[in-house]
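The values are calculated or read from the model by the stated rules, or taken from the named source; none is laboratory data. Just so you know, these numbers come straight off a predicted model, no measurement behind them. All Cβ positions, glycine included, derive from the backbone under ideal geometry; neighbour counts span all protein chains shown.
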Amino acid sequence: MRRLASILLWGGLSALGAAAFGVLATRRGETIGAAWLLIAAVCTYVVAYRFYAKFLAARVFGLDDRRATPAERFNNGRDYVPTNRWVLYGHHFAAIAGAGPLVGPVLAAQFGFLPGTLWLVIGVVLAGAVQDFTILFCSLRRNGKSLGQMAKEEINPAAGVTAMLAVLFIMIILLAVLALIVVNALKASPWGLFTIACTIPIALLMGWWMKAWRPGRVGEASAVGALLLLAALIGGGYVAGNAGLARAFSHSGPALTGMIVAYGFVASVLPVWMLLCPRDYLSTFLKISTILALAVAILVVLPPLRMPALTPFATLGEGPVFAGKLFPFAFITIACGAISGFHALVASGTTPKMIAREADARFIGYGGMLMESFVGVMAMVAACTLDPGVYFAMNTTPVALAQASAVLHQAGFVVTPDIMQQLAGQMGEQTLVARAGGAPSLAVGMAQIFASVTAALGGKTLTALWYHFAIMFEALFILTTIDTGTRVGRFMLQEIVGHVWPKFGETSWYPSVVAASAVIVAGWGYFLYQGVVDPLGGINSLWPLFGIANQLLAAVALCVGTTILLKMGKARYAWVTLAPLAWLVAITMTAGWQKVFSADPRLGFLAHAASLAGSAALNAGRLIFNDRLNTLVALLFMTVVALLIVVSIREWWLVLSKRKPAVTKEAPFIERAYATGD
Amino acid sequence: MRRETNRETGSEKRDTVVPGFAARLLRVVRRIVGAPDYGAYLEHCRQVGHPPRLTEREYVAQFFESKGNGVRCC
């Protein structure tokens, strides 16, 4: 009877999900409700969690609750703490969810809602969640070791160094592209800039509160910080309405670049309790509450999707948001939400040190990534509720918009300057044209969804306030990533240089702190400036580079995972990591190749440089240099990862052909105290 | 001369005034956001049978320093 109920339940859920996919795939030329998208996604997640994740946990990894976890063996009440799985799920989710799952789907919406949604849902089930779960399991069995350490010990030392360099390069591009999103959202926006500027003194106050005045009282400090943040948000409206103040807080992209670079440097050299930790708490609270609120609002409003399932840009490859066809660019544009290499750093960081029972790894590693994918689906819904004409006008430059005007007109994606002006007025902005980067269009989508809820509840729509709330929400956690990323990059640089100059490797030696921070900030600052002054809007060149880099890091993680599975004697299950690895290598190498060598100047760096040769334009020389630098970076990423794959394949062949003993560096089995009843 | 915290001097009232469920809820939220929890550290020391090696200020300072080394995803 119970078995029959189970078959009916899971069969019913599968059928419901399949029906929702059917509706999404077959309805053309009419508006479709967001509900279908949500049903398709949720049914897929629950079925995948119930069956595929269980298969991974039981058959592939052989999770064993009798085995003591690092949290139990090294319990120190601080870093290593056995933690309830629901609590750790929240903690892990807060660490992996950032701007990526929100911005990537918004940008990929230029292909229509269907390709991005399919990649988000299928990608997470077969690749992203598998990667997170695998690395979490591997680290859990190795005393919480990092990805780099595992690459070094399980593949070889060269692989460890390669992985570390890959992370450092990727970090620089990541920080540049995230900073570009903030710059594009805040330029000529006095309301937005005032609110974000206020977060700095608010964070400093919170830092003093938590460290010096009331040690460890994060809750109190965060409550005060949140109230002050709300006041800053409302105050921003007053600033925008006052001509003198609005002028003081209106700045161009290059000026904002200088400010954000200076901020990144200061945040990296200051003690963490002063700025980084308080900002991190504020952004975590805001992130979790806003994502929950957005989920509820979407479920209440169930807005219709105005973007078609597929746009002409899916096959033409001449999209105004970024150039390139659906394959491979949809798959690198959406990284976080489907698969993100960065998660491997979190899954081999704090999380494995807090897991109480091995079986919890399935819920936290696989389940946490499913939730991130759901955030990506919500971002896709928010972007696709916008009028397509508005979406394209916001997410590109006037030049690229003019180039794509014939296709846009043919597809019926028309927008007039009056409509854009009216929308900007509703959002309390001077203009919303050419706000590339995804954040402003996501903010407009979120504002419209939240405003319909407040209107339905009988209040004012508060659209402008919601828009700036969404901008603050995005900018706040992007800046948190910039703080932590610059600092982690600084540590890595100190460690690398420390091999040849040990004094430089001392993380508390101030000259080294300042020099390493300056190098890291200069690295991402240069790419940021390049993006800000790029006539094509910067996102066109930087986001694909970031996507390629992030997915290549995922390839590194999957190489490590496959090596460990083979050494565990699980060769027959190696396809669980090899299949996503093969897919990632195919998409990233194709995308990298096209970004470098495509003959289309909008797509290929070298073709773009060639098109500028002999140009009399003032900045032509610098643009050519940037194209060549981007070429070098893309080739470097591809070479580094190709090397790692070759080294991994050699290791696999040696192990499988028994030329090398399959020895893993797994920690010895120690039985859990709870299991023995102590 | 460094000032001792209320918890170290024994004048801390928070854990006694917050009722059981609310205290547990606070601890859950603290763990989720990655906030320091000196009370949990003291409890851990009591369970393993050694006196606390860190004062609350030292514990908080070390906790924040370790948090600063963590990665936040994009």
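Restricting A:Leu286, A:Leu245, A:Leu282, A:Leu276 to those that are aliphatic (A, V, I, L, M), in contact (Cβ under 8 Å) with a residue 24 or more places away in the chain and either over 19 Å from A:Thr199 (Cα atoms) or in contact with a Pro (Cβ under 9 Å, 6 or more places away or on another chain) (or both) reduces the list to A:Leu245. For segment A:338-362, the set of residues classified as touching a Phe, Trp or Tyr at 6+ places or on another chain (Cβ under 6 Å) and surrounded by fewer than 24 Cβ atoms within 10 Å (Cβ to Cβ) consists of A:Lys353 only.
For (1) charged (D, E, K, R); (2) more than 12 Å from chain B (Cβ to nearest Cβ); (3) over 25 Å from the mean Cα position of the chain (by Cα); (4) buried (at least 22 other Cβ atoms within 10 Å of the Cβ), each residue gets a yes or a no:
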site	(1), (2), (3), (4)
A:Ala163	no, yes, no, yes
A:Ile172	no, yes, no, yes
A:Leu180	no, yes, no, yes
A:Phe194	no, yes, yes, yes
A:Arg217	yes, no, yes, no
A:Glu220	yes, no, yes, no
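Scanning segment A:308-323 for residues that are assigned to a loop (DSSP other than H, G, I, E, B) and surrounded by fewer than 24 Cβ atoms within 10 Å (Cβ to Cβ) gives A:Pro308, A:Ala309, A:Leu310, A:Pro312, A:Gly317, A:Glu318. For segment A:621-678, a residue qualifies if it is in contact with a Lys or Arg (Cβ under 7 Å, 6 or more places away or on another chain) and surrounded by 12 or more Cβ atoms within 10 Å (Cβ to Cβ), and the qualifying residues are A:Ala634, A:Leu654, A:Val655, A:Ala662, A:Thr664, A:Lys665, A:Glu666, A:Ala667, A:Ile670, A:Glu671, A:Arg672, A:Ala675. Considering only residues in segment A:19-36 that are within 28 Å of the chain's Cα centre (by Cα) and in contact (Cβ under 8 Å) with a residue 24 or more places away in the chain, the one that is farthest from A:Met378 (Cα to Cα) turns out to be A:Ala25.
Restricting attention to segment A:20-76 and to residues that are small (Gly, Ala, Ser) and in a loop (DSSP other than H, G, I, E, B), the residue that is farthest from A:Pro115 (Cα to Cα) turns out to be A:Ala68. Screening A:Val556 against (1) farther than 24 Å from A:Leu270 by Cβ; (2) at pLDDT below 90; (3) away from every other protein chain (no Cβ under 14 Å) leaves a single unmet condition, (2).
Picking from residues in segment A:101-154 that are farther than 15 Å from A:Gly341 by Cβ and of a type in the set (Phe, Trp, Tyr), the one that is nearest to the chain's Cα centre (by Cα) is A:Trp119.
Taken over segment A:271-306, the criterion of being away from chain B (no Cβ under 14 Å) and aliphatic (A, V, I, L, M) is satisfied by A:Ala293, A:Leu294, A:Ala295, A:Val296, A:Ala297, A:Ile298, A:Leu299, A:Val300, A:Val301, A:Leu302, A:Leu305. Taking each residue of segment B:32-44 that is within 7 Å of another protein chain (Cβ to nearest Cβ) and looking for partners that are among the charged types (D, E, K, R) and part of a helix (DSSP H, G or I) with beta-carbon atoms closer than 8 Å, six or more apart or interchain, yields B:Gly34/A:Asp280; B:Gly34/B:Lys67; B:Pro36/B:Arg30; B:Tyr38/B:Arg7; B:Tyr38/B:Glu56; B:Ala40/B:Arg27.
When segment A:52-103 is limited to residues that are within 11 Å of chain B (Cβ to nearest Cβ) and of a type in the set (Val, Ile, Thr), the one that is surrounded by the most Cβ atoms within 10 Å (Cβ to Cβ) turns out to be A:Val103. Residues in segment A:621-659 that are of a type in the set (Lys, Arg) and part of a helix (DSSP H, G or I): A:Arg622, A:Arg628, A:Arg650. Residue check: A:Ser541 meets all listed conditions (1) part of a helix (DSSP H, G or I); (2) more than 14 Å from every other protein chain (Cβ to nearest Cβ); (3) more than 28 Å from A:Ala586 (Cβ to Cβ) but one, namely (3). Kindly indicate whether any position in segment A:399-406 is at negative phi, in a loop (DSSP other than H, G, I, E, B), in contact (Cβ under 8 Å) with a residue 12 or more places away in the chain and among the polar types (S, T, N, Q). No, segment A:399-406 contains no residue that is at negative phi, in a loop (DSSP other than H, G, I, E, B), in contact (Cβ under 8 Å) with a residue 12 or more places away in the chain and among the polar types (S, T, N, Q).
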